[in-house]
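Inspection log for the structure reproduced underneath, given as structure tokens.
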Amino acid sequence: MPSKGMFWGNVMWPAEARFGRRRLLTATAALTPIAARAQDAGDWPNRPVRLVVPFPPGGPTDIIARLYAQALGPVLKQTVLVENRAGGSGVTGTDYVLKSAADGYTFGIIDGGSLTILPHTQPKMPYRVPEDVTPISVVTRVPEALVAHPSLGVKSLPELLELAKRQPGKLNIGTAGAAGISHLTALVFRAQTGAAVEVVPYRGAAPAVTDLVAGQVQLLFADLPPLLPHIRAGSMTTLALAARQRSPTLPDVPTTGEFGFPKLLAENWYCAVAPRGLPAPIAARFSAALKEASQVAGVKNELAAQGAEATWTSPEEMLALMREDSESWRQVVVTSGVKSE
């Protein structure tokens, strides 16, 4: 079991392609048998199954994969291994998965941004979304939180906006990486609220959190898990969650929608994917196994302790989420002109 103090420590938060109508219909048609024919997958799996993580060991994607691997083993009655293939902000490992044999023995546990953000910010992508992807399920959701250094003296989003009006251009908001979800969320925040704040992208969550605690930046947009220990210690103040609903971990923290910004939404999610052409019975079997694993206490409790949520979606629901998020982030990228470093 991973240490809670080590959970989301030192990761850069990246990751998409625009879904045309024809491409979406093609992908949906490919999914239909998965939902309709959840039939016998034969003797699959009759050898170990690999979960490929496109980031180094110790980061959020890796720990999510290892939690699920432990839970999936007894469900599938087979060894489930985790393999790390880092590089290219997640592109290298994701591409490896999508170009692997579609035989049900190689799956990817990846962040949603690899499917919904990176294809818009990278000048060239080795894989196509959704054509090269067999979506299986979203496995974990994580809200983005807006936090402030206590010395700023603000306790809520309205108080921050009032301060920003009085001190235009004097406030800095850090983000956990350039052209990733927290960076794009900060840009959306600035556009929707009109707050004149300077957006400062860092190379990962850890240095951004360190500088906020030290008072080098006044604000930070980042995934909730790496912020949680500091929030509990009182070294940062949570102003809002860019989520549709409040987090059970911080039930007293309002959402951006409650403050009048319902379109200021940014929920990081992690998912299971397979190469194009995965046989429908195997996809259905693995989807059902993930659903069962998501309900295992060890998975649910460990993720909840970090401010994350174990979840499950059907392949069709995941495809719809990919489409919605991809278009939303595409518009942000086009408007802002931001690109990956």
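The values are calculated or read from the model by the stated rules, or taken from the named source; none is laboratory data. For clarity, every value in this text was computed on a predicted model and none was experimentally measured. Here the Cβ positions follow ideal geometry from the backbone for every residue, glycine too, while neighbour counts run over all protein chains shown.
A few points about this structure:
- Exclusive hit being among the hydrophobic types (A, V, I, L, M, F, W, C) and within 24 Å of Ala308 (Cβ to Cβ), set Leu152, Leu157, Leu163, Leu171: Leu157
- Pairing each residue of region 209-227 that is in the same structural domain as Glu198 (by TED's automatic domain parsing) with any residue that is assigned to a strand (DSSP E or B) and of a type in the set (Asp, Glu), provided the two are 6+ apart or on different chains, yields C-beta distances under 8 Å for Phe221/Glu144; Ala222/Glu144; Asp223/Glu144; Leu224/Glu144.
- For region 205-226, the criterion of a residue being modelled with pLDDT of 95 or more, buried (at least 18 other Cβ atoms within 10 Å of the Cβ), in a strand (DSSP E or B) and not aromatic (Phe, Trp, Tyr) is satisfied by at least one position.
- The combined condition, being over 24 Å from Leu187 (Cβ atoms) and over 16 Å from the mean Cα position of the chain (by Cα), is fulfilled by Leu278.
- Qualifying positions in region 56-105 - more than 28 Å from Ile181 (Cα to Cα) and in a helix (DSSP H, G or I): Gln70, Ala71, Leu72, Gly73, Pro74, Val75, Leu76
- Of the candidates Pro123, Pro119, the single residue that is assigned by TED's automatic domain parsing to the domain that holds Arg330, within 26 Å of Ala176 (Cβ to Cβ) and surrounded by fewer than 21 Cβ atoms within 10 Å (Cβ to Cβ) is Pro123.
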